[in-house]
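Visitor: Before anything else, here's the structure in question.
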């Protein structure tokens, strides 16, 4: 079997998918932080916003941050698994998958740290 030409579209498609999951995860983490930190709730009798501490906002926000971090870690694992399954002719000449996975896992780790921060701020 002759070697096929290097088609970068296969690997680039996997990279785009990972980046989409990272963007989605960052949006979920950001939303969780906003919900937990600012604790904005609607007053039952009016449409005016009022700010007061509410344990449900902290729990929901922490859950969103953890869910975003878990989604990011799973997407990094899935990308690494898919990248290992590619044939040599489907990979780029300079394969930087290791750095991509490391960066994604670092973002997920900082998301977990942020969830811990939310819990510590709620305890104070």
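Visitor: I'd like the residue in the range 111-124 that is at pLDDT 90 or above and either within 18 Å of residue 56 (Cβ to Cβ) or under 10 Å from the mean Cα position of the chain (by Cα) (or both) and, out of all such residues, is surrounded by the fewest Cβ atoms within 10 Å (Cβ to Cβ).
Guide: 115
Visitor: To continue, here is another question. In the list 106, 76, which residue meets the criterion of being out of contact with any helix residue (DSSP H, G or I) (no Cβ under 9 Å at 6 or more places or on another chain), closer than 16 Å to residue 21 by Cα and in a helix (DSSP H, G or I)?
Guide: 106
Visitor: In addition: How many residues does the range 90-110 hold that are under 16 Å from residue 77 (Cα atoms) and in contact (Cβ under 8 Å) with a residue 12 or more places away in the chain?
Guide: 8
Visitor: Okay, moving on. For the range 35-58, enumerate the residues that are out of contact with any strand residue (DSSP E or B) (no Cβ under 8 Å at 6 or more places or on another chain) and either at pLDDT 90 or above or surrounded by 12 or more Cβ atoms within 10 Å (Cβ to Cβ) (or both).
Guide: 35, 36, 37, 58
Visitor: Hey, another quick one. Can you give me the number of residues within the range 10-36 that are within 14 Å of residue 74 (Cβ to Cβ) and without any contact (Cβ under 8 Å) to a residue 24 or more places away in the chain?
Guide: So the answer is 1.
The values are calculated or read from the model by the stated rules, or taken from the named source; none is laboratory data. In this text, all values refer to a predicted model and were calculated from it rather than measured experimentally. Neighbour counts run over all protein chains shown; Cβ positions are idealised from the backbone, glycine included.
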